[in-house]
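Have a look at the structure below, then the notes.
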Amino acid sequence: MFLIGKITTTHGVKGEVKVRNLSDYDRFHVDHIVIVNQKEYRITSVKHQHDRLIVKFEGVDSMNDALELKDQDIYVNTKPVDSTGTHYQDLIGKDVYLKDDTYVGQVKYIREVPQGHLLEVDVHGQLKLIPFVDAFIKDILDDKIVVDVIEGLL
């Protein structure tokens, strides 16, 4: 499990809670499943309010229900992004090299798109996108990611 937020207090009388986002990117979306107190909750609404989120969970329909969640951490089950068991957070910060051991840059972010995932790589101060597919990602090692990209991608 991966910590993504903390419920700070309740909001209103309909079971909404205020959440401090602790994730490196926005993981709070309608219909996503999160874990609070070892119980799964489906997010039914998300609103932004200053530096907090106002989140409504399915089955939490009153202020009393929401009070039970106050001061609790919010987790997500992380699924490996590949067959080796690599997770998103394991990829961020890794150095990226070409097959000939030429340094490319460092992974700054994993972008989720309808077709899959993209690695956002800082290449000399510019962000470049590398599709996270077997055609481009050749190896994920402890200290680096080895890629084989087509001309013009970087």
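Here are some notes:
- Members of the range 21-50 found to be under 17 Å from Leu67 (Cβ atoms) and either assigned by TED's automatic domain parsing to the domain that holds Val113 or surrounded by fewer than 15 Cβ atoms within 10 Å (Cβ to Cβ) (or both), listed by number: Asn37, Lys39
- With respect to the conditions (1) under 30 Å from Ile150 (Cα atoms); (2) surrounded by fewer than 14 Cβ atoms within 10 Å (Cβ to Cβ); (3) at pLDDT 95 or above, Lys99 falls short on a single one, namely (3).
- For Thr8, the criteria (1) closer than 24 Å to Ile110 by Cα; (2) modelled with pLDDT of 90 or more hold in every case but one, which is (1).
- Any hit, the range 114-128, residues being at pLDDT below 85 and charged (D, E, K, R): no
The values are calculated or read from the model by the stated rules, or taken from the named source; none is laboratory data. Values in this document were obtained by computation on a predicted structure and should not be read as measured data. Here Cβ is always computed from backbone atoms with ideal geometry, including for glycine, and neighbour counts include all displayed protein chains.
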